[in-house]
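Contents: one structure, followed by commentary.
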Amino acid sequence: MRPRSANEWRDFWRDGGERELHAQLEEFAQYSVRIATVLGSNAPLRALVAELGRIREYELRAPADPARDAAVAERAYAWFEASALSR
């Protein structure tokens, strides 16, 4: 079941969610809390792809790579859906 309350979210994050998400993110790992906020808000996949694009441009100061952003977002989104539903 997807965490719904603040307490459920904290428990999910503490009980492995943070570590597991971090492992999905590669170059975006240091932004896992920011990315978790997008995932936890029930935003669509395209919102996560856009957020990764912003992180790449403004935080990492790296060239645009929409295909890479989409691949990382899809992996993180799929992990979150599977993980949040299984807890």
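Bear in mind that the values in this text are calculations on the coordinates, not laboratory data. Worth saying up front: this structure is predicted, and the values here are computed from it rather than measured.
Helix 66-86 against the longest principal axis of the chain: what's the angle in degrees, Cα atoms only, rounded to the nearest 10? Compared with the principal axis, the helix lies near 0 degrees.
Using every pair of distinct Cα positions in the chain, the Kirkwood expression returns a hydrodynamic radius of 13.0 angstrom. Take the chain, connect every pair of alpha-carbon atoms lying under 10 Å apart with a spring to form a Gaussian network, then pick out the residue of Leu52, Leu39, Leu60 with the largest mean-square fluctuation. Among Leu52, Leu39, Leu60, the largest GNM mean-square fluctuation belongs to Leu60. Across the range 27-36, coupling constants 3J(HN,Hα) worked out from phi with the 6.51/-1.76/1.60 Karplus curve, θ = phi - 60°, read 5, 9, 4, 5, 9, 4, 5, 4, 5, 4 Hz, and Gly and Pro carry x. Scalar couplings 3J(HN,Hα) for the range 39-56, obtained by applying the Karplus form with A = 6.51, B = -1.76, C = 1.60 to θ = phi - 60°, are 4, x, 7, 6, 5, x, 3, 4, 5, 5, 4, 5, 5, 5, x, 5, 4, 4 Hz; x denotes Gly and Pro.
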